[in-house]
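Structure first, then comments.
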Amino acid sequence: MTSEYAGVVYDLDGTLVDLVVDWDAVARDVQAVYADAGISPDDSDLWTMLGGAREHGLYDDVEAAIAAHEREGARESRLLPHADVLAREDRPVAVCSLNCEAACRVALDTHDLAGHVGPVVGRDTVSTWKPDPEPLLHAVDGLGLSPENVLFVGDSERDAVTADRAGTGFEWVE
């Protein structure tokens with residue numbers, strides 16, 4: 001099935017590497033950004049807080065708090081078996097992740113995968129993030145391919161929805 005595609009885009013965390021991030025600690029740090037601004041977040045879910053940060057003028061500080069944890073987690077990340085598949089690809093490859101672009105690049109560099117990957121699209125590369133199709137379409141465009149000729153490999157329902165919305169193929173990572 002996968003050989004019918006001219007290019008492939010991989011999710012990062014949970015697909016190629018396992019970032020070492022305490023997401024509860026990240027959420028607490030983001031809650032502290034809100035508290036320091038005298039604002040009580042509507043929800044304590046990390047991604048909901050990130051989504052609401054713009055309306056409160058906190059986006060840059062919230063993004064910075066999350067990205068700091070992700071970059072450190074990328075340095076300590078563990079390589080997952082599917083990274084071997086990426087390293088053997090003989091077609092154009094990109095990465096599209098909900099993690100910040102810098103963390104993606106740190107993880108790829110840490111595990112000597114950067115040379116196998118073209119475009120890297122993180123949460124902060126474009127103005128929206130998965131499951132909106134824009135980040136995946138940006139990665140596809142960077143490969144110089146059309147969506148129907150690209151396979152997106154990921155590990156989450158968010159990834160599957162993103163692929164469907166972008167018009168790419170999708171494969172669950174094993």
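Checked against the criterion of being under 14 Å from LEU86 (Cα atoms) and outside the structural domain of ALA64 (by TED's automatic domain parsing), the range 119-128 has at least one qualifying residue. Do we have any residue at all in the range 3-22 that's aromatic (Phe, Trp, Tyr), in a helix (DSSP H, G or I) and either in the same structural domain as ILE66 (by TED's automatic domain parsing) or within 16 Å of ALA107 (Cα to Cα) (or both)? No, the range 3-22 contains no residue that is aromatic (Phe, Trp, Tyr), in a helix (DSSP H, G or I) and either in the same structural domain as ILE66 (by TED's automatic domain parsing) or within 16 Å of ALA107 (Cα to Cα) (or both). Return yes when VAL85 is in the same structural domain as LEU143 (by TED's automatic domain parsing) and either out of contact with any strand residue (DSSP E or B) (no Cβ under 9 Å at 6 or more places or on another chain) or part of a strand (DSSP E or B) (or both) and no when it is not. Criteria not met by VAL85.
Determine, yes or no, whether GLY38 is at pLDDT 95 or above, of a type outside the set (Phe, Trp, Tyr), more than 14 Å from ASP11 (Cβ to Cβ) and in the same structural domain as ASP159 (by TED's automatic domain parsing). No; evaluated as a whole, the condition is false for this residue. Looking at the range 64-81, can you tell me whether even one residue there is exposed (fewer than 15 other Cβ atoms within 10 Å of the Cβ) and assigned to a strand (DSSP E or B)? Within the range 64-81, one or more residues are exposed (fewer than 15 other Cβ atoms within 10 Å of the Cβ) and assigned to a strand (DSSP E or B). Screening SER44 with (1) assigned to a helix (DSSP H, G or I); (2) outside the structural domain of GLU157 (by TED's automatic domain parsing) gives one miss only, at (1).
Does ARG54 qualify as being within 22 Å of LEU136 (Cβ to Cβ), among the basic types (Lys, Arg) and in a loop (DSSP other than H, G, I, E, B)? When the stated conditions are applied, ARG54 does not pass them. When residues in the range 41-92 are screened for being among the hydrophobic types (A, V, I, L, M, F, W, C) and touching a Gly at 6+ places or on another chain (Cβ under 8 Å), 1 of them pass. Residues in the range 63-95 that are among the acidic types (Asp, Glu) and closer than 14 Å to VAL17 by Cβ were compared, and the one that is modelled with the lowest pLDDT is ASP84.
The values are calculated or read from the model by the stated rules, or taken from the named source; none is laboratory data. This one's a predicted model, so the numbers in the text were calculated from it and none came from an experiment. Positions of Cβ are generated from backbone atoms using ideal geometry, with glycine treated the same way; all protein chains shown enter the neighbour counts.
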